[in-house]
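Nothing in this text is a laboratory measurement; each read-out follows from the coordinates by a stated rule. These numbers were taken from a predicted model, which means no experiment stands behind them. Don't worry about glycine lacking a Cβ; one is built from the backbone with ideal geometry, like all the others, and counts go over all protein chains shown.
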Amino acid sequence: MSPQECKTYQKDLLEFCKHLEQQAQVDRSETVEGKLVSAFVSWQENRSPTCKDLAQAVIDDDNDSDPQLKRWLTPNRVSVILRNMGFQTHHTNHGSEVSIDSARLPALCQRFAVVVPNAESTSADPNGDDGDDSDGLEGRQGR
C-alpha cells in the first residue's frame, strides 16, 4: 500500500469509527436508561424528581410505542436502574427522590447523547454546598 493510500485508509477508518460511536450514542439514548437520564436532566420542578416522576415522564414521552413499558417500568425498577448508573435515591414522605453527584452527570449525558437544557437546574451549588449537613452525593438544588 502506498503512503497516500495509507493516509486515505486511515482517514476513512477514523471517519467510520466516529460514525459508529455516534450511532451507538443514538442507540443508547433510546434505551430505558437513556430515557431516564434525559427525564432527569429535563426535570423542571423546584423539587427533586422521584422515581415515580421519572417513570411517568418516560412513559409519557414514549407515546405508547412500547405497550409493555407502562407495566414494566415501575418506580421500584426505576430506582434499581438509576442506582446501577450511579444515582442515589432518598426516601421521603412523597416518594424516593433521585439525586446524583454533579461530577457524574456529564459523563452520563455524553454516554446517552443527552443535552442538558439548563446546567444550573441539575447540578450542585458551585461552592459544593448543597445545604444538607450529610456527606452524601448531591443532586438538585431547591429542595
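Ranked by Cβ crowding within 10 angstrom, fewest neighbours first, how are Val114, Val32, Val26 ordered?
Ranking Val114, Val32, Val26 by Cβ neighbours within 10 Å, fewest first, gives Val26, Val32, Val114.
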- Toy charge model, Lys and Arg Cβ at +1, Asp and Glu Cβ at -1: region 4-110 dipole around Cα centroid in debye, rounded to 20, equals 340
- For labels at Asn93 and Gln110 in the simple 7 Å Cα→Cβ model, what's the distance in nm? 4.2
- Note on the structure: Least to most buried among Lys52, Lys11, by other C-beta atoms within 10 Å and fewest first, runs Lys11, Lys52
- Of the lysine pairs in region 1-81, how many meet both conditions: Cα atoms under 24 Å apart, and a spacing of 8 or more in sequence or different chains? 5
- Message: Using Cβ counts within 10 Å as a stand-in for footprinting exposure, how do His19, His90 rank, fewest first?
- Response: His19, His90
- Query: When N counts the residues of region 31-121, how does its alpha-carbon radius of gyration compare numerically with 2.2 N^0.38 Å, as a ratio?
  - Reply: 1.01
